[in-house]
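Data block below; observations after.
Please treat every number below as a calculation from the coordinates, not as lab data. Small disclaimer: the values here were computed from a predicted structure and weren't measured. Cβ placement follows ideal geometry from the backbone for every residue including glycine, while neighbour counts extend to all protein chains displayed.
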């Protein structure tokens, strides 16, 4: 599945799997598009849980299936789209995040900052390139990438961007390709 070329799209292309001390993560690339045009400096590495993708069993600790998912503002205790804290401490909440909708039986599948080997039980972390399975996700870099994505989406949506958390974002998608 490729991008639709309409609206705001976060495109993830899964490429490989890394293992460290019995833990597994899926590595890919991401690029943000506005109406099919790649946005400069809004690209990097995506990190997800192990596969295969599964949207049928809640809480299974696996990545979601490849597909196209509409976005919403997140309204959780640990992650929000509006009103997050900007802290260098990965334990401070709420952190920035976006929610994927229409994920089958899976709930609270988010794009949010990562740290360490992987900060996900099905969500998506954005970061810079990771040299190997021994490379941790740097929290501040990951946080800044999520904030940049939210800021770009807010600018693209303009007055149509929701004013509250927990609301759908019109014409905004995450598109995931690949099943390594």
Mind sorting 20, 145 by how few other Cβ atoms lie within 10 Å of their own Cβ, fewest first? 20, 145
Going from the fewest other Cβ atoms within 10 Å to the most, one would list 29, 127, 45, 103 as 29, 103, 45, 127
Determine the relative contact order of the chain: mean sequence separation of Cα pairs under 8 Å and six or more apart, normalised by residue count, in whole percent. 28 percent
Residue among 170, 89, 144 with the largest mean-square fluctuation in a Gaussian network model of the chain, springs linking Cα atoms under 10 Å: 89
Between residue 15 and residue 121, what is the spin-label point distance in nm, taking each point 7 Å from the Cα along the Cα→C-beta axis? 2.9 nm
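Treat the count of other C-beta atoms within 10 Å as a stand-in for reagent exposure and order 82, 121 from fewest to most.
By the 10 Å Cβ count, ascending, the order reads 121, 82.
Please state, rounded to one decimal and in Å, the Kirkwood hydrodynamic radius that the stretch 1-91 gives when every pair of distinct Cα atoms enters the mean of 1/r. If you can, show how the numbers build up before the last one.
Numbers: mean 1/r = 0.0650 Å⁻¹.
15.4 Å is the Kirkwood radius here.
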Hey, any idea what Rg/Rh is for the chain, computing Rh the Kirkwood way over Cα pairs? 0.93
